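Okay, structure first, notes after.
The values are calculated or read from the model by the stated rules, or taken from the named source; none is laboratory data. Keep in mind that what you see is a predicted model, and the values were worked out from it rather than measured. Please note: Cβ atoms are built from the backbone with ideal geometry, for glycine as well, and neighbour counts cover all protein chains shown.
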Amino acid sequence: MNPCIHQLPYKDPCDIAIFLQKSGFTHIVFLDSSNSPQHPAAKFSILCANPAQQNSLHTNNKQQIINTIEPLQRTIPKHDGPLPFYGGTISAISYPDKNGNIDLITHLYTWAFIFDHSCNITSLVHWPEFSSDTQERLISIYSTAPIKPKTAGTEESLSFKPSWTKNEYTSAFNTIKNYITSGDTYQINLTQQFTAKLPETYNPLKKFTQLSRLAKAPFSAYFESENTILMSASPERFIEISQDKIRTQPIKGTRKRHDTPALDAKAIEELKSSIKDRAENLMIVDLLRNDLGISSETGSVEVEGLFNIESFGTVHHMVSTINSKLRQGTSPFKAIIDAFPGGSITGAPKKRAMEIINEVEPSNRGFYCGCLMYKSGEKLDSNILIRTFEINKKDKTIEVWGGGGIVADSELESEYQESLDKISRLIDSIKD
């Protein structure tokens, strides 16, 4: 049973997303790479809404997560074509809390707009049982959407407050350094949280489009569920699985971008030659090789690229790539869960790193450092939810975290500043 595909004239996906919202669509999910044209993963954006089914789960049993998502996959038409998504599941998975519990929110979508940024073509894909009235409505909405939709007037601004004082961050940093010195761990990803009250007039989807345009991150995502909204400018892929081939691309190593070309080039060279950042990156590569090995064919795990520099809207990052082959009889979801959470946001060794994180960080991370993934046909892709804002619709609060990896030669002031650099411009982009 093949999905139906209708080609449409290309429009800016950010404009279409906002117009869908104004047309009454809910539970919008927007996986946006349109603002990072130089990145190899930035060919497509995916936009869908009004899911056919919604499931949620709170559990410390990872097998339950697999058992919740996999039955939905059996309802999806099997189709392997050039587009990344022909209808399927889009799911958010939270970082484990202090009791090991994970929150899963998964939606089943039977249609989507797929924006091909390299060919300037938009495709409406939907399942064959789709009603003609719904199909015609979607095409009509897309066709009548203004090029630049009018937005609301002045909105109240946000005022973020840190959950830690500088002294409290310092205490956590020193505790971690002591654990490293004593040999408990090699690296810990330390994060700090910032929280603001959400104004009544605040439109998260509109703010996400501003965030995406600033960050230019290839794995940006907006995910709206019953109680939670995620706005992510993630530059980091977690795991991609296509035709039994697995790929993960951890990020470790960051430098702030500069408006002056000479300073920006200098920042790249500093990152390239940094012994500390290369060592930190290599630790996570080794960790992820082990994580992928759990669900991969024996001997298939290989490092494709080490210490590559990728530039985004606000920062430069050091990125490595690891590939493997999915073990026969192992589901893609099991591969995700076997490697979850991503090692780049825990530390090494992972189990001990997570125990130390639970000790020194005062609050649960929520969906921050979890992942957002889609599965359609033979294709699965996922990001790590960093550079991510989480909105609690009931409490009307918005949270964001900034962090970095602490190793033996980490310096307090530079690590503290890095955590601020990663999010300061992102916060500014969603304030006004």
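Which residues, counting only those in the range 36-79, are farther than 24 Å from Ile139 by Cα, of a type outside the set (A, V, I, L, M) and crowded, with 17+ Cβ neighbours inside 10 Å?
Across the range 36-79, the qualifying residues are Ser36, His39, Lys62, Thr68, Gln73.
Picking from Glu270, Glu236, which residue would you name as being within 17 Å of the chain's Cα centre (by Cα) and at pLDDT below 95?
On inspection, the qualifying residue turns out to be Glu236.
Search the range 287-303 for residues being surrounded by 14 or more Cβ atoms within 10 Å (Cβ to Cβ) and of a type in the set (Asp, Glu), and hand back the single one that is farthest from the chain's Cα centre (by Cα).
Glu297
Which residue pairs have Cβ atoms closer than 9 Å, lie 6 or more positions apart in sequence or on different chains, and pair a first residue in the range 133-148 that is farther than 13 Å from Phe113 by Cβ and without any contact (Cβ under 8 Å) to a residue 12 or more places away in the chain with a second residue that is outside any loop (DSSP other than H, G, I, E, B) and basic (Lys, Arg)?
Cβ pairs passing all conditions: none.
Looking only at the range 205-249, count every residue that is in a helix (DSSP H, G or I) and crowded, with 21+ Cβ neighbours inside 10 Å and tell me the total.
The initial filter retains those residues of the range 205-249 that are in a helix (DSSP H, G or I), namely 205-215.
With crowded, with 21+ Cβ neighbours inside 10 Å added as a condition, the list becomes 207-209, 211-212, 215.
So the count comes out to 6.
Only one residue in Ser382, Ser424 is under 22 Å from the mean Cα position of the chain (by Cα), closer than 19 Å to Ser234 by Cα, among the polar types (S, T, N, Q) and at pLDDT below 90, so which one is that? Spell out how you get there, then give the answer.
Numbers: Ser382 fails: at pLDDT below 90.
Result: Ser424 is the single residue among Ser382, Ser424 that is under 22 Å from the mean Cα position of the chain (by Cα), closer than 19 Å to Ser234 by Cα, among the polar types (S, T, N, Q) and at pLDDT below 90.
Take Arg278 and decide whether it is over 30 Å from Gln63 (Cα atoms) and charged (D, E, K, R). Show your work before the answer.
On the way: over 30 Å from Gln63 (Cα atoms): yes; charged (D, E, K, R): yes.
Yes: the conditions hold for Arg278.
Here is a list: Ser132, Ser171, Ser157, Ser143. Which entry is among the polar types (S, T, N, Q), over 26 Å from the mean Cα position of the chain (by Cα) and modelled with pLDDT under 90?
Values: Ser171 fails: modelled with pLDDT under 90; Ser157 fails: over 26 Å from the mean Cα position of the chain (by Cα); Ser143 fails: modelled with pLDDT under 90.
The conditions single out Ser132.
Within the range 106-122, identify whether any single residue is under 30 Å from Ile357 (Cα atoms) and in contact with a Ser or Thr (Cβ under 6 Å, 6 or more places away or on another chain), and answer yes or no.
Checked the range 106-122: at least one residue is under 30 Å from Ile357 (Cα atoms) and in contact with a Ser or Thr (Cβ under 6 Å, 6 or more places away or on another chain).
Looking at (1) in contact (Cβ under 8 Å) with a residue 60 or more places away in the chain; (2) more than 22 Å from Ile246 (Cα to Cα); (3) not aliphatic (A, V, I, L, M), which is the one condition that is false for Lys325?
Among (1) in contact (Cβ under 8 Å) with a residue 60 or more places away in the chain; (2) more than 22 Å from Ile246 (Cα to Cα); (3) not aliphatic (A, V, I, L, M), Lys325 violates only (2).
Going through Tyr109, Tyr95, Tyr86 one at a time, which residue ends up being over 25 Å from Ile386 (Cα atoms), surrounded by 19 or more Cβ atoms within 10 Å (Cβ to Cβ), hydroxyl-bearing (Ser, Thr, Tyr) and in contact (Cβ under 8 Å) with a residue 60 or more places away in the chain?
On the way: Tyr109 fails: over 25 Å from Ile386 (Cα atoms); Tyr95 fails: over 25 Å from Ile386 (Cα atoms).
Checking each option against the conditions leaves just Tyr86.
Kindly indicate the residue of the range 169-204 that is under 29 Å from Thr228 (Cβ atoms) and either without any contact (Cβ under 8 Å) to a residue 40 or more places away in the chain or among the polar types (S, T, N, Q) (or both) and also surrounded by the fewest Cβ atoms within 10 Å (Cβ to Cβ) among those meeting that condition.
Thr201
Scan the range 303-326 residue by residue and report those that are modelled with pLDDT of 95 or more and among the charged types (D, E, K, R).
Lys325
Taking Ile309 as meeting all but one of (1) assigned to a strand (DSSP E or B); (2) touching a residue at least 60 places away in the same chain (Cβ under 8 Å), write down the number of the exception.
Unmet condition: (2).
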